[in-house]
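The values are calculated or read from the model by the stated rules, or taken from the named source; none is laboratory data. From a predicted model like this one, the values you see are computed outputs, not experimental measurements. In this analysis, Cβ positions are derived from the backbone assuming ideal geometry, glycine residues included, and neighbour counts consider all displayed protein chains.
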Amino acid sequence: MKEVLTRPKMGYYMNKDVFGTRGDFITSPEISQLFGEMLAIWMISEWRKIGSPRPFQLVELGPGRGTMMADILRVFGKLGVTGDTLEVHLVEVSKSLSEIQASNLCREHGSAAESDKHPFYYRGLTDREISVFWHKSVEQLPEKFSVIVAHEFFDALPIHKFQRTSNGWREVLVDVDPQDSQKLRMVTSSIPTPASLLLIRESETRDHIEVSPSSGALMQFLAQRLEEFGGFALIADYGHSGDKGDTFRAFKKHQLHDPLCEPGTADLTADVDFSYLKKAVGDKLISFGPVTQHEFLKRLHIDVRLKKLLASSTKEQQDELLSGYKMIMDEKGMGTAFKFMCFFPSVLAEFFISHPVAGFYPET
Ligand SMILES: C[S@@+](CC[C@H](N)C(=O)[O-])C[C@H]1O[C@@H](n2cnc3c(N)ncnc32)[C@H](O)[C@@H]1O
């Protein structure tokens, strides 16, 4: 998965704009500006609740086209959170996507000479004088109070697949088809592999599971940073709480696609196991959720924002706003397939009993 998605020359994300009607898939922030705006309101509200620590860094993992960050920064600007309060740090493996993000976010931008002192490969400045930095990995992020957001990022991180067999758990591997050397196929390992010995819980009851140790390691790293330097993280993705099996799939031109066919030409994805992310952070962080996208956005009063936007829009804009809203809130589609989970340093556990995190609890 890692090779197929992020290999420097041939990787799926590395050389093209893969989003939107002309691409392979569309994401909530690309469908409706309401999505990024509601996330911005949530971030500011939680940041204020814990005393508005400043300056802070706003971090996005896998920013796609930069659309969600642009919507977030617009709301931040309206609420007076601008360049003297924050820096933006984007973790993006694809140079070509980072250029698209920069042209959507910045009035000036360009490559930077990456060094230990300056661990970023690209930088820019927005209209509101906010500095934006691009990093290849989370390890390069500055050690500061961070507000972290990741939308449809964890589903792109590599997984291991395991099948329960009469001989015990076996890893599912990818092999060249012996009948046709141009084709790949899935095989079940004949003997236990290091991953099958290490990654499966004794208490596991499912017959097929997917585990993403890269996601676990990333969460552990973020947990350490958030515990030591302060901050919080909001993760949104399609996923489950440790109860789904085979979810690995590919998308090409908005259709399901065989993940082993022409690797590098289609998006690969697997549902995020939120219970695994929660386990990975141990007792460093407390978590809330997952809650469905529909619930989360409703509780943040997306309907009020929609109404306000509709009142100042043309008929054409109103149609677009309404169809976007329907799509991201659809309880038979994106509204329930996507879920939100957030993480805060455990030291705040007691504080949140009297100040519940917005969007994660029904209002009383
Ligand atoms: C499915 S897209 C989501 C884009 C965006 N968040 C949205 O919702 O529209 C995944 C994003 O993560 C980036 N990405 C994937 N794997 C990555 C990795 N290992 N490290 C950093 N960025 C990665 C991709 O280049 C892309 O920007």
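Among 174, 147, which is farther than 29 Å from residue 344 by Cα and modelled with pLDDT of 95 or more? Step through it out loud before you land on a result.
Values: 147 fails: farther than 29 Å from residue 344 by Cα.
Criteria check complete, one pass: 174.
Can you tell me which of 29, 8 is within 21 Å of residue 138 (Cβ to Cβ), near the ligand (Cβ under 9 Å from one of its atoms) and not assigned by TED's automatic domain parsing to the domain that holds residue 175?
That would be 29, the only listed residue that is within 21 Å of residue 138 (Cβ to Cβ), near the ligand (Cβ under 9 Å from one of its atoms) and not assigned by TED's automatic domain parsing to the domain that holds residue 175.
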### Task
Among what's in segment 1-38 and is out of contact with any Ser or Thr (no Cβ under 6 Å at 6 or more places or on another chain) and of a type in the set (Phe, Trp, Tyr), pick the residue that is farthest from residue 293 (Cα to Cα).
12
### Task
Could you look through segment 153-190, keep only residues that are free of Cβ contacts under 8 Å to residues at least 12 places away in the same chain and not in a strand (DSSP E or B), and pick out the one that is nearest to residue 248 (Cα to Cα)?
177
#### Entry: Answer residue from segment 124-140, given it is closer than 25 Å to residue 152 by Cα and out of contact with any strand residue (DSSP E or B) (no Cβ under 7 Å at 6 or more places or on another chain) and is nearest to the ligand (Cβ to nearest atom) among those
136
### Task
Assess whether residue 65 counts as being surrounded by fewer than 23 Cβ atoms within 10 Å (Cβ to Cβ) and away from the ligand (no atom under 11 Å from the Cβ).
no
### Message
Take the residues in segment 98-123 that are surrounded by 15 or more Cβ atoms within 10 Å (Cβ to Cβ) and away from the ligand (no atom under 16 Å from the Cβ); name whichever of them is farthest from residue 71 (Cα to Cα).
### Response
112
### Query
If you take the residues of segment 141-161 that are out of contact with any Gly (no Cβ under 9 Å at 6 or more places or on another chain) and within 11 Å of the ligand (Cβ to nearest atom), which of them is nearest to residue 53 (Cα to Cα)?
149
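Results for (1) away from the ligand (no atom under 16 Å from the Cβ); (2) assigned to a helix (DSSP H, G or I), shown as yes or no for each residue.
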| position | (1), (2) |
| --- | --- |
| 70 | no, yes |
| 84 | yes, no |
| 93 | no, no |
| 96 | no, yes |
